[in-house]
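Asker: This is the structure I want to talk about, given as structure tokens.
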Amino acid sequence: MRIGAGFAFAKAVDAATLPVGCWRANAPLPTGIVQIKKAVITAAGRSQRSLPLQSLVDRDGQPKSALRILIEEALSAGVEELGLVVCPGDQGAYAAAAGSHAGRLRFVEQTEQRGYGHAVACAQPFVGADPFLLLVGDHLYLSRDPKSCARQLVEVACQEQCAVSAVQATPEGKLPYYGAVGGRLEATRSGLYSIDTVIEKPTPTEAEQRLIVPGLRAGHYLCFFGMHVLTPAIMGILQQFLSATEGDNISLSSALAALPNRERYLALELRGRRYDIGVKYGLLTAQLALALDGQERDEVLANLVELLALRNH
């Protein structure tokens, strides 16, 4: 088995002996497995800068910024340091939005707008030679498992000792919003795929020709979830792209498409959903999802029923 850079064992441990779900949420990973201690959150896009600063009521009933909810998602996976990619001058607003977690942040400035891949590459000095968790600043995540979405992903990446991208089965009509992958189902576990193709925002024709994955419902494709565990190899690929082009659209998906040629690269269907707060009504949808999964669910449902009743009069 080829092992991605940064995922060498601290000592010999057979990952196959570690049963799925054997770790408690927030518990340390088993002795001998390299842990993911760093996370990168990108928040410097032109249309993205203000989104992580928006306020919602989390599942615990507490008002929080989207950024703070994202930070707590990363911390639930055992992350200790967070690199936040921002536009110059935004550090103060983001530190305030992080609240009590501000001390964990390491700000990374993206001084040019050259695409999402460039934003990730800007975090290379923070990441160094370590594997890392990558989150986008305009998505929130809701797990259907006792473990958070980030925890599910990090555990599998550490067990498989390679880069793993979270994916979600997505209908064809939403292909213009996401990168998508093609590959084959791994025999070792349900919902785990070996990636051979990555296409950014494919057309339906491209998806039908190159991204069919056995076992998915007709008209559905594996699209990125906005959450990855990546090895340092991705930084090397991105630097090659940056050196080879003067353009302003350095795509992370293009770099990920090159990754299977260098090392093992998997996709994992998580038990959870992503909510893009940057689309129309996205913040509202995310808020409803959080509320309906929270401790005040009955009150929220009662209010929704009352609103619907008023609407029908």
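Taken together, the values in this text are just the output of simple stated rules run on the coordinates, not laboratory data. Only a predicted model underlies this, so the values are computations on that prediction, with no experimental measurement involved. Reconstructed Cβ throughout: ideal geometry from the backbone, glycine too, with neighbour counts over all protein chains shown.
Conditions tested, residue by residue: (1) at negative phi; (2) surrounded by fewer than 21 Cβ atoms within 10 Å (Cβ to Cβ); (3) assigned to a helix (DSSP H, G or I).
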| residue | (1), (2), (3) |
| --- | --- |
| 52 | yes, no, yes |
| 72 | yes, yes, yes |
| 89 | no, yes, no |
| 93 | yes, yes, yes |
| 99 | no, yes, yes |
| 102 | yes, yes, yes |
| 117 | yes, no, yes |
| 125 | yes, yes, yes |
| 130 | yes, yes, no |
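Asker: Also, I was wondering about something else. Yes or no: residue 254 assigned to a helix (DSSP H, G or I) and free of Cβ contacts under 8 Å to residues at least 12 places away in the same chain?
Answerer: No: the conditions fail for residue 254.
Asker: Cβ contacts < 7 Å: first residue in contact (Cβ under 8 Å) with a residue 12 or more places away in the chain and among the charged types (D, E, K, R), restricted to the stretch 142-169; second residue part of a loop (DSSP other than H, G, I, E, B) and crowded, with 24+ Cβ neighbours inside 10 Å, any location; separation 6+ or different chain. Result?
Answerer: Pairs that qualify, where the first residue is in contact (Cβ under 8 Å) with a residue 12 or more places away in the chain and among the charged types (D, E, K, R) and the partner is part of a loop (DSSP other than H, G, I, E, B) and crowded, with 24+ Cβ neighbours inside 10 Å, are 151/77.
Asker: Can you tell me which residues in the stretch 257-275 are of a type outside the set (Ser, Thr, Tyr), farther than 16 Å from residue 160 by Cβ and either within 16 Å of the chain's Cα centre (by Cα) or crowded, with 20+ Cβ neighbours inside 10 Å (or both)?
Answerer: Within the stretch 257-275, 257, 271, 272, 273, 274 qualify.
Asker: In the stretch 93-104, what count of residues is obtained for those that are in contact (Cβ under 8 Å) with a residue 24 or more places away in the chain and within 12 Å of residue 82 (Cα to Cα)?
Answerer: Summing the residues that are in contact (Cβ under 8 Å) with a residue 24 or more places away in the chain and within 12 Å of residue 82 (Cα to Cα) in the stretch 93-104 gives 3.
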